[in-house]
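The values are calculated or read from the model by the stated rules, or taken from the named source; none is laboratory data. All values reported here derive from a predicted model rather than from experimental measurement. All Cβ positions, even for glycine, are placed from backbone atoms using ideal geometry, and neighbour counts span all protein chains on display.
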Amino acid sequence: MTTTTSSSTAAASSSSLTSAPFRASPLFFHPLPASHVPLPGKEAHGSYMLQVPWSKTSGWGQAKIVPRADISIDPLSGVTQYAVTCFEGMKCYKTESGELTLFRPNENFNRFKVSAARMGLPSDWDNAELLDLLCKLLALEAPIVPSEDGASLYIRPTLIETSESFGIKEDGNAGEALMYIVTTLNLGKGLYASSEKAETGLRVDADPNYVRAWSNGTGKYKVGANYGVVNIAKKPGFQMSLWLHGSEDFVSEAGAMNVFILKEASDGVLEFVTMSLDNGIVLPGITRASIISLLKDHASGKKEFPLEGVPKNIRVVERDIPMKDIMDGAEDGSLKGMFGCGTGVVVVSIREIQYRGRLISIPYHPVVKILRDTITGIQRGRIEKEDWVVKVPKWQGVVNGEKEAEGQKVIA
């Protein structure tokens with residue numbers, strides 16, 4: 001098995017050396033007609049989509065930005081038969097001055113590559129070329145990007161196997177694939193206020209009968225199959241599931257979020273405890289990593305936390321979190337709070353857990369709102385962190401300095 005996988009990977013790598021690389025130019029652009037009206041039920045979606053096809057034999061095809069539309073795929077394709085797909089979650093923000101920004105897009109693209117490679121999908125694109133294309137797509141959607149807090153344009157880069165993948169193949173890698181990016185408004189906005197105060201925190205259900213991921217599985221990859229299980233496990237009256245694993249019911253994620261607990265340690269230090277990435281069960285979240293980076297800088301004295309209110313005497317701990325720790329901490333008072341974080345929700349407080357027939361109340365800690373306001377402040381340009389923010393240049397389908405005639409298909 002190892003020999004086959006290695007030879008397949010080597011063959012794929014060798015093939016990629018002679019096939020067409022991923023390029024942002026030439027770009028095929030098809031403007032929307034002036035008469036364009038969104039389809040019923042799709043008014044909240046962006047009007048355009050980016051598409052880049054790929055073939056094992058010829059490499060990456062021409063990039064296209066076209067009006068958003070359905071795609072056609074083989075009914076025996078890898079995505080329909082075996083869920084051979086991965087995706088990313090990103091957001092575009094509008095600053096107070098009207099500029100569009102992206103938050104750490106290269107981190108998303110790098111994770112996208114890791115997920116793609118795990119699924120046998122192409123992963124050799126150039127991040128700078130992909131960013132160029134994404135910025136052009138977002139520039140076209142600029143009029144609908146909201147500026148109010150809690151609102152944003154959500155971005156969904158997706159990669160699917162489009163070649164037939166039915167039965168046993170000699171090569172486990174995809175033969176053909178399609179990368180596409182679509183956008184939609186305000187994913188997660190409804191939970192934005194969940195960090196404001198105790199009574200607005202989320203209620204989550206921890207059911208040991210449902211397991212999201214396991215050690216050395218695909219939990220750390222953003223693959224489609226990981227997320228199809230989310231809704232079926234959700235209980236009425238609870239916003240999402242708190243995923244458990246192992247003999248001690250260790251906490252992994254909540255819904256599709258990374259999780260932190262706030263715990264006062266025996267030495268009086270306030271610990272921000274989150275599950276380690278070592279066993280591959282949880283997704284290496286971009287928001288998670290950003291929070292850890294900011295907290296560690298603050299704790300070490302390297303750089304003050306951007307907003308006031310975070311205690312000085314803190315530390316970040318990455319380890320397994322058994323449910324017993326949460327229950328004991330709730331009883332003895334050492335548990336000071338709990339929150340989830342991710343692209344969609346940013347940072348949200350968790351106020352109650354249903355677990356094995358009992359309800360566990362979680363204290364509210366004001367640092368949760370400070371974390372949320374810091375991350376969103378950076379995203380919207382209110383807090384300076386230039387190395388984490390990319391500004392989206394303006395673009396309206398201009399070719400050679402001249403705007404093309406309305407409705408005309410052009411190469412940019």
Q. Scanning for something among the small types (Gly, Ala, Ser), in a loop (DSSP other than H, G, I, E, B) and in the same structural domain as ALA139 (by TED's automatic domain parsing), does region 174-186 turn up at least one residue?
A. yes
Q.
Are there strands (runs of 3 or more DSSP E) fully within region 310-368 with at least 3 residues that are surrounded by 22 or more Cβ atoms within 10 Å (Cβ to Cβ) and charged (D, E, K, R)? List them.
A. none
(Q) Restricting to region 279-307, count the residues that are touching a residue at least 40 places away in the same chain (Cβ under 8 Å) and among the charged types (D, E, K, R). (A) 1
Q.
All but one of (1) more than 25 Å from SER361 (Cβ to Cβ); (2) in a loop (DSSP other than H, G, I, E, B) hold for VAL282; state the number of the condition that does not hold.
A. (1)
Q: Residues being in a strand (DSSP E or B) and crowded, with 18+ Cβ neighbours inside 10 Å: count how many of those fall in region 42-54.
A: 7
Q: Give just the number: which of (1) out of contact with any Phe, Trp or Tyr (no Cβ under 7 Å at 6 or more places or on another chain); (2) part of a strand (DSSP E or B) does VAL230 not satisfy?
A: (2)
Q) Given the conditions (1) more than 23 Å from the chain's Cα centre (by Cα); (2) outside the structural domain of CYS135 (by TED's automatic domain parsing); (3) not in a helix (DSSP H, G or I), which single one is not true for GLU170? A) (2)
Q. Could you say whether any residue in region 217-233 is in the same structural domain as ARG351 (by TED's automatic domain parsing), surrounded by fewer than 21 Cβ atoms within 10 Å (Cβ to Cβ), among the hydroxyl-bearing types (Ser, Thr, Tyr) and more than 19 Å from the chain's Cα centre (by Cα)?
A. no
Q: Could you list, in sequence order, all residues of region 306-335 that are in contact with a Phe, Trp or Tyr (Cβ under 9 Å, 6 or more places away or on another chain) and within 30 Å of SER152 (Cβ to Cβ)?
A: ILE314, VAL316, ILE321
Q) Is there any pair with a first residue in region 226-242 that is touching a residue at least 40 places away in the same chain (Cβ under 8 Å) and within 19 Å of GLY280 (Cα to Cα) and a second that is in a helix (DSSP H, G or I) and not aromatic (Phe, Trp, Tyr) whose Cβ atoms are under 9 Å apart and which are 6 or more apart or on different chains, and what are they? A) LEU242/MET323
Q: Please state which of the following conditions ILE370 fails to meet, knowing it meets all the rest: (1) touching a strand residue (DSSP E or B) at 6+ places or on another chain (Cβ under 6 Å); (2) within 17 Å of PRO311 (Cβ to Cβ).
A: (1)
Q.
Cβ-Cβ distance below 7 Å, separation of 6 or more or different chains: which pairs start in region 33-44 with a residue that is farther than 13 Å from ALA69 by Cα and end on one that is of a type outside the set (Asp, Glu)?
A. PRO33/GLY407; ALA44/THR184; ALA44/LEU185
Q: Return yes when LYS64 is out of contact with any His (no Cβ under 9 Å at 6 or more places or on another chain) and either without any contact (Cβ under 8 Å) to a residue 60 or more places away in the chain or not in a loop (DSSP other than H, G, I, E, B) (or both) and no when it is not.
A: no
Q: Scan LEU32, LEU39 and give me the residue that is modelled with pLDDT under 95, touching a strand residue (DSSP E or B) at 6+ places or on another chain (Cβ under 6 Å), part of a loop (DSSP other than H, G, I, E, B) and not assigned by TED's automatic domain parsing to the domain that holds GLY342.
A: LEU32
Q) Of all the residues that make up region 90-128, how many are buried (at least 21 other Cβ atoms within 10 Å of the Cβ) and β-branched (Val, Ile, Thr)? A) 1
Q. In this structure, is TYR154 assigned to a strand (DSSP E or B) and within 19 Å of the chain's Cα centre (by Cα)?
A. yes
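One line per residue, one yes/no per condition, for (1) farther than 25 Å from VAL84 by Cβ; (2) in contact with a Gly (Cβ under 8 Å, 6 or more places away or on another chain):
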| position | (1), (2) |
| --- | --- |
| SER194 | yes, yes |
| ARG212 | no, yes |
| LYS220 | no, yes |
| GLY228 | no, no |
| LEU244 | yes, no |
| GLU248 | yes, no |
| SER252 | no, yes |
| LEU262 | yes, yes |
| VAL269 | yes, no |
